[in-house]
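Data first, discussion second: the structure below is written as structure tokens.
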2 protein chains.
Amino acid sequence: MTITTAEENYLKAIFKIAEKEDKAVLTNSIAAAMNTAAASVTDMLKRLAEKQLIKYEKYRGVELTEDGNRLATTLIRKHRLWEVFLVEKLGFAWDEVHDLAEQLEHVQGEPLIDRLDNFLGHPRFDPHGDPIPDAQGRWTFRQQVRVSLLQPGEKGILTGVDDHATPFLQYLDQIGVALGIEIQLLDRTEYDQSVQVRISGKTEVTLSEKVAQNLLVIKG
Amino acid sequence: MTITTAEENYLKAIFKIAEKEDKAVLTNSIAAAMNTAAASVTDMLKRLAEKQLIKYEKYRGVELTEDGNRLATTLIRKHRLWEVFLVEKLGFAWDEVHDLAEQLEHVQGEPLIDRLDNFLGHPRFDPHGDPIPDAQGRWTFRQQVRVSLLQPGEKGILTGVDDHATPFLQYLDQIGVALGIEIQLLDRTEYDQSVQVRISGKTEVTLSEKVAQNLLVIKG
DNA sequence: AATAATTTTTAGATTAACCTAAAAATTATT
DNA sequence: AATAATTTTTAGGTTAATCTAAAAATTATT
């Protein structure tokens with residue numbers, strides 16, 4: 001059985017939606033995530049159900065089967081490994097790699113991804129701090145907290161960002177925020193929930209609530 | 001204007017056929033090269049002509065336009081750079097990389113290929129000794145001769161192989177023949193045109209005419 | 001509970017890339 | 001030159017992946 005690029009993309013979208021919400025994944029959520037008409041999604045869901053990659057009940061939404069889950073996990077593994085390659089080896093910035101990885105993840109061949117993983121030194125996180133499942137599909141979990149939830153005085157090491165959009169990442173570059181730096185919360189303004197933080201023990205900046213919610217740190 | 005993967009593959013096939021024969025490239029040659037029905041080729045030729053990538057005259061064959069030539073050259077550049085990456089960086093054998101490169105060559109993004117080229121140190125030849133056009137589409141030419149045409153006593157450095165098929169390449173591995181080694185022609189058997197050669201100044205082996213024709217050396 | 005609003009599916013089309021079979025054009029052979 | 005053989009094109013279909021518009025099912029609201 002062959003799985004097409006389009007099918008892979010649907011599986012990945014379903015996986016990612018299911019990750020957030022724990023109910024069945026609805027047609028419209030998928031349509032929104034994929035920028036397609038709901039009718040196209042219904043079409044595809046039938047095909048994926050046919051191939052036993054999802055459990056699909058009309059009007060009730062879908063769930064990945066074990067096979068579907070495995071495929072989606074592998075796809076995410078490939079995507080994130082390619083992102084590491086693009087940043088670490090080719091020198092791309094972290095806001096430039098998404099679209100390329102989106103293409104590279106569909107290149108077929110087990111040995112390729114295993115060798116790439118090896119070449120990169122089995123990285124466990126991608127350039128945005130997202131975990132990379134290993135060859136057996138196992139995830140590495142970390143105890144991360146949003147900067148927006150720190151108490152004044154508390155600090156942590158930046159280990160992830162929730163928003164991967166270019167403008168956000170470039171803004172972080174501009175204010176000197178990158179993975180691995182220390183962020184200490186100095187104060188919170190009650191009115192708009194913006195926070196004052198100290199970066200790397202040096203610069204002090206104010207972050208809007210929206211920005212602070214998108215920064216993930218490991219406390220301590 | 002978007003160029004699809006299928007279109008790219010046709011352009012590449014046309015380029016490669018035109019390289020060998022200097023007449024117009026005929027529908028059936030393309031069909032043979034691509035393993036498709038002649039009717040499918042005609043279909044595609046119309047589309048490529050529409051997009052000004054080929055000059056097409058019914059029943060008369062085709063020729064690449066400047067745009068078509070540029071696209072085909074870039075595709076070959078991408079293919080061969082990826083092959084270098086797979087062999088040099090990921091440790092694949094030279095007979096394992098074709099299919100992967102065939103997929104990787106279709107990943108879109110100028111910066112990607114330029115950075116890859118840079119990462120690899122601007123290689124001018126791929127793992128089979130084929131030249132890699134530079135970013136401006138310029139080729140490196142070499143004065144190569146087939147081992148089958150050497151005179152007894154003459155020697156050369158192996159710089160290329162004409163057949164890229166796995167069985168041939170694995171046979172070469174087995175008898176210790178790799179790019180860069182020295183090959184000296186000792187004797188030729190008139191009956192079947194097989195040749196006795198000395199490899200790296202050490203081993204002596206007999207090569208069939210077919211094998212000798214597929215080995216390219218620079219004399220001296 | 002009936003009706004309104006929303007979501008999802010079905011119906012019917014479109015496009016790219018393929019196919020087979022038949023027709024047309026070109027090339028080779030008597 | 002006429003006919004035979006070959007090559008190429010046209011005609012008509014198929015499949016995956018998309019679409020819009022209409023119908024059906026579900027959910028929310030009076």
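Quick notes on this structure:
- Test result for A:K210, without any contact (Cβ under 8 Å) to a residue 12 or more places away in the chain and in a loop (DSSP other than H, G, I, E, B): no
- Test: A:A93 is more than 12 Å from DNA strand D (Cβ to nearest atom), under 18 Å from the mean Cα position of the chain (by Cα) and in a loop (DSSP other than H, G, I, E, B): yes
- Any hit, region A:9-18, residues being over 25 Å from B:V107 (Cα atoms) and outside the structural domain of A:D134 (by TED's automatic domain parsing): yes
- When B:E66 is tested against (1) without any contact (Cβ under 8 Å) to a residue 40 or more places away in the chain; (2) near DNA strand C (Cβ under 9 Å from one of its atoms); (3) more than 14 Å from chain A (Cβ to nearest Cβ), only condition (2) is not met.
- Residue match in region B:97-107 (condition: within 16 Å of DNA strand D (Cβ to nearest atom), part of a loop (DSSP other than H, G, I, E, B) and out of contact with any Phe, Trp or Tyr (no Cβ under 9 Å at 6 or more places or on another chain)): yes
- In region B:154-203, the qualifying residues are those that are under 25 Å from B:K16 (Cα atoms) and among the acidic types (D, E), and the one that is surrounded by the fewest Cβ atoms within 10 Å (Cβ to Cβ) is B:D162.
- Options A:D99, A:D22; residue that is within 14 Å of another protein chain (Cβ to nearest Cβ), farther than 21 Å from A:D134 by Cα and either within 15 Å of the chain's Cα centre (by Cα) or modelled with pLDDT under 95 (or both): A:D99
- Scanning region B:37-50 for residues that are crowded, with 17+ Cβ neighbours inside 10 Å and near DNA strand C (Cβ under 10 Å from one of its atoms) returns B:V41, B:M44, B:L48.
- Checklist (1) more than 24 Å from B:D134 (Cβ to Cβ); (2) surrounded by 19 or more Cβ atoms within 10 Å (Cβ to Cβ); (3) acidic (D, E) applied to B:E105, failing item: (1)
- Region A:22-78: number of residues that are near DNA strand D (Cβ under 10 Å from one of its atoms) and among the β-branched types (V, I, T): 3
- Consider region A:74-90 and keep the residues that are over 16 Å from A:G129 (Cβ atoms) and more than 14 Å from every other protein chain (Cβ to nearest Cβ). The one that is nearest to the chain's Cα centre (by Cα) is A:L75.
- Subset of region B:108-117 (residues that are part of a helix (DSSP H, G or I) and more than 18 Å from B:E88 (Cα to Cα)): B:E110, B:P111
- Just one residue in the set B:F168, B:F141 is in a loop (DSSP other than H, G, I, E, B) and of a type in the set (F, W, Y); that residue is B:F141.
- Residue list for region B:26-66, restricted to those being in a loop (DSSP other than H, G, I, E, B) and under 23 Å from B:T2 (Cα atoms): B:T36, B:K51, B:Q52, B:L53, B:T65
- When region B:116-153 is limited to residues that are within 14 Å of chain A (Cβ to nearest Cβ) and in contact with a helix residue (DSSP H, G or I) (Cβ under 8 Å, 6 or more places away or on another chain), the one that is surrounded by the fewest Cβ atoms within 10 Å (Cβ to Cβ) turns out to be B:L120.
The values are calculated or read from the model by the stated rules, or taken from the named source; none is laboratory data. Note that the structure is predicted; figures quoted are calculated from it, not measured. When we count neighbours, we look across all protein chains shown, and the Cβ atoms used for this are built from the backbone with ideal geometry, even at glycine.
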